[in-house]
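No lab work stands behind these numbers, since they all come straight from the coordinates. For clarity, every value in this text was computed on a predicted model and none was experimentally measured. Heads up, the Cβs are rebuilt from the backbone with ideal geometry, glycines too, and the neighbour counts pull from every protein chain shown.
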Number of protein chains: 2
Amino acid sequence: MPSELEIAMESLIKVFHRYASKEGRSGTLSRRELRELMENELTNFLRSQKDPAAVDKIMRDLDTNGDGQVDFEEFVSLVVGLSIACEQCYQTTVAIKPT
Amino acid sequence: MPSELEIAMESLIKVFHRYASKEGRSGTLSRRELRELMENELTNFLRSQKDPAAVDKIMRDLDTNGDGQVDFEEFVSLVVGLSIACEQCYQTTVAIKPT
């Protein structure tokens, strides 16, 4: 049976490909696919972004090779940034107990 | 209800702290805690490493600031590396279908 960490890694891959395969190049997210992924999978984060152009800005930041597409490595850097931000909240606001 | 991606991000944080809180500094993984995490959570990956000093080498690679401890950002770089490696297998060996 896979561990919790292995399931989490599998989820990153599955969620990325669920949206990347919707249109155009199947191995990358177009701007529209990224928007759909963020609207469905990062609803709370997107709601906290008051700027209506937030997805476009995130796309520009993530698309480090400038091809108008977000590949898996670029997508993971978003997940890492959000996870580190969440972890800092966790460290400062929650008493750390073994779960 | 949290999305699959949010659950995955939460799992990264929870798994890290489950092991980091076992001894010494609660916000970082010691070598022993990293070994325990990898033995329990990355069993298949560790089994594929034939070198008995694999955990020590990984510790050295991850511990970019050289303090003998792995913090969350350093831990996430391991998860990212493994996820990218897994994703490349996924791209080359599995027909990509929406799930």
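Note on region A:1-53: residues that are more than 8 Å from every other protein chain (Cβ to nearest Cβ) and in a loop (DSSP other than H, G, I, E, B) amount to 12.
Residues in region A:62-84 that are at the interface with chain B (Cβ under 10 Å from one of its Cβ atoms) and over 15 Å from B:L5 (Cα atoms): A:D71, A:E73.
Can you tell me which residues in region A:49-76 are of a type in the set (V, I, T) and under 11 Å from the mean Cα position of the chain (by Cα)? Once the filter is applied, which keeps residues that are of a type in the set (V, I, T) and under 11 Å from the mean Cα position of the chain (by Cα), region A:49-76 yields A:I58, A:V70, A:V76. Apart from one condition, B:C89 fits all of (1) surrounded by 13 or more Cβ atoms within 10 Å (Cβ to Cβ); (2) not in a loop (DSSP other than H, G, I, E, B); the exception is (1). In region A:43-70, the residue that is surrounded by the most Cβ atoms within 10 Å (Cβ to Cβ) out of those that are more than 17 Å from A:A20 (Cα to Cα) and of a type in the set (D, E) is A:D61.
State yes or no: is B:M59 in contact with a Leu (Cβ under 9 Å, 6 or more places away or on another chain) and more than 17 Å from A:E6 (Cβ to Cβ)? So B:M59 fits the description; yes. Taking the criterion of being among the basic types (K, R) and closer than 23 Å to B:I13 by Cβ, the residues of region A:8-41 that qualify are A:K14, A:R18. Quickly run through region A:54-77 and pick out the residues that are farther than 17 Å from B:I84 by Cα and either of a type in the set (D, E) or in a helix (DSSP H, G or I) (or both). A:A54, A:V55, A:D56, A:K57, A:I58, A:M59, A:R60, A:D61, A:D67, listed by residue number.
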